Amino acid sequence: MTTPVRTIGSGSYDPADVTFLLTDLSDVDLERPTEDREEAMQAGRHYSEDLPVEYQPDDSYLRLYHQALERSARRVALATGVVAELVRVTKPEPVLVSIARAGTPVGILMRRWYVFRHGLDVPHHAISVIKDRGVDMNAVRHLTDRFDRAALQFVDGWTGKGVMTRVLTEALAGLGLDDTLAVLADPARCVSLYGTRDDFLIPSACLNSTVSGLVSRTVLNAEHIGPDDFHGAKFYRDLAPHDLSRHFIETVAAQFDAVADEVDAAWPALWAADRTPTWEGWAAVERIAADYDIPDVVMVKPGVGEATRVLLRRVPWRILVAPDRLDELAHVLALAADRGVPVEERADLPFSCVGLVRPLGATPTFHTPGARWRPPTT
């Protein structure tokens, strides 16, 4: 196979921190207005074939982001250290493979933790994983040709319904690769490697490319991606004056020293605990879909990260919030107010909040063939 060379490199990140195995589509016109894109997706077009228009926040929203980062940087650092140490139990010198783009800041933070705590300079690559279309196998082959496959560790930011977990398991079956996903937060309770199972705000979820190396979400469109190419993405050079990607990393990494002792105490206890996935998040999503007469669980986006994404790049219908978590959801409430989206309090949520996508048309359909999938029973 000819190795693709037209990639976006490291985006706006330090090249030592990550290499994106993504074909550069920066000069391709892929963005579509949100309403048009939502209507096309609910008529069967796959979300990975084009891109949403990048939401550009105003000054008041950016202030909320900075406040959230200041408030949660220590918590993110703690979760980073814990999950990084759990990974090292079985992979003393891991090769980090983050899922672009939400997983990439987490992969960078884990890499920084290993340098800080162990003097380890571990490789980190970001690849595309797309629900219903699987893992970028050209990227996987690129990695297995260069590294010990037993050392590869897949990384993401958080879990919602557990879709990425399932996609990895299905795509990597029979390849001799560890499909275990390591995340900062696992409110869906569907993975065994996590920093916490609390649904707390990871501030990188508040923004789009400007906190993700100026990289778009990934694209798989046969018009632009050939059979030997990596999946694609755009690099938004024009947004460089607004880029906060490195600032986010440095702000969290600055807290590593403050949390080091707590990490040392926490991770052995967590390793010894029962971390078996229970898939409670999926059960909650199905209850919500039934309660709101939602035709497909793909329209229910659980967790603060996913609810934020609904408000930033989908057509939101309503936001459900846990009453006792309102103080932590200022950016969600601000986005909802800005877009005129109703907010409803619901006390039985296992998440801090849930975003619901608005059905368009009388009988919306979806691209998700596995939407009625059920988690394995134990």
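Some points to look at:
- For the stretch 89-123, the tally of residues that are crowded, with 19+ Cβ neighbours inside 10 Å, part of a helix (DSSP H, G or I) and not aliphatic (A, V, I, L, M) stands at 8.
- Residues satisfying the stated conditions in the stretch 217-259, i.e. of a type in the set (A, V, I, L, M, F, W, C), modelled with pLDDT under 95, under 22 Å from Ser98 (Cα atoms) and in a loop (DSSP other than H, G, I, E, B): Leu220, Ile225
- Residues in the stretch 10-45 that are among the acidic types (Asp, Glu), open to solvent by 20 Å² or more (accessible area, probe 1.4 Å), in a loop (DSSP other than H, G, I, E, B) and under 30 Å from Glu250 (Cβ atoms): Asp14 only.
- When the strands (runs of 3 or more DSSP E) confined to the stretch 260-347 are screened for residues that are surrounded by fewer than 19 Cβ atoms within 10 Å (Cβ to Cβ), those reaching at least 2 such residues are found at 316-321, 343-345.
- Taken over the stretch 152-198, the criterion of being open to solvent by 10 Å² or more (accessible area, probe 1.4 Å), under 20 Å from Ala77 (Cβ atoms) and in contact (Cβ under 8 Å) with a residue 24 or more places away in the chain is satisfied by Asp156, Trp158, Leu193, Tyr194, Gly195, Thr196.
- Any hit, the stretch 242-257, residues being among the hydrophobic types (A, V, I, L, M, F, W, C), loosely packed, with under 15 Cβ neighbours inside 10 Å and farther than 22 Å from Cys206 by Cα: no
- One residue stands out in the stretch 315-344 among those that are in contact with a Leu (Cβ under 8 Å, 6 or more places away or on another chain) and not hydrophobic (A, V, I, L, M, F, W, C): the one that is modelled with the highest pLDDT, namely Glu344.
- Some residue of the stretch 162-177 being at pLDDT 95 or above and hydroxyl-bearing (Ser, Thr, Tyr): no
- Only one of Phe235, Phe230 that is more than 16 Å from the chain's Cα centre (by Cα), open to solvent by 20 Å² or more (accessible area, probe 1.4 Å) and of a type in the set (Phe, Trp, Tyr): Phe235
- Scanning the stretch 268-325 for residues being without any contact (Cβ under 8 Å) to a residue 24 or more places away in the chain and polar (S, T, N, Q) gives a total of 0.
- Residues (surrounded by 14 or more Cβ atoms within 10 Å (Cβ to Cβ) and in contact (Cβ under 8 Å) with a residue 40 or more places away in the chain) located in the stretch 54-70: Glu54, Tyr55, Pro57, Tyr61, Leu64, Tyr65, Ala68, Leu69
- Condition check for Asp296: under 15 Å from Glu344 (Cα atoms) and among the acidic types (Asp, Glu): no
The values are calculated or read from the model by the stated rules, or taken from the named source; none is laboratory data. Everything numeric in this text was worked out from a predicted model, so none of it was measured. Please note: Cβ atoms are built from the backbone with ideal geometry, for glycine as well, and neighbour counts cover all protein chains shown. Accessible surface areas use protein heavy atoms only, side chains included; no ligands, DNA or RNA. Shrake-Rupley method; radii C 1.70, N 1.55, O 1.52, S 1.80 Å.
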